[in-house]
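See structure below.
Bear in mind that the values in this text are calculations on the coordinates, not laboratory data. Everything numeric in this text was worked out from a predicted model, so none of it was measured. For neighbour counting, all protein chains shown are included, and Cβ atoms are generated from backbone atoms with ideal geometry for every residue, glycine included.
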């Protein structure tokens, strides 16, 4: 079970991944989004994201998508 808890308007901590073991899908998604410049990731040993933060570019993209939806 993955629990993503908000610790502010643009920061989320990723918790509960160790309970299931490593999540290669989560690590791959974080790697991709970081490569796109949308998030920054603090990694724990074992290729596990510990903290994920939206970048300014990520926030702007989310805001633009929200405006498109209405």
Review point. Label-point separation (nm) for residue 60 and residue 42, each offset 7 Å from Cα along Cα-to-Cβ?
Key: 2.6 nm
Check your understanding: Tell me, 69, 61 in order of fewest to most beta-carbon neighbours within 10 Å?
Key -> 69, 61
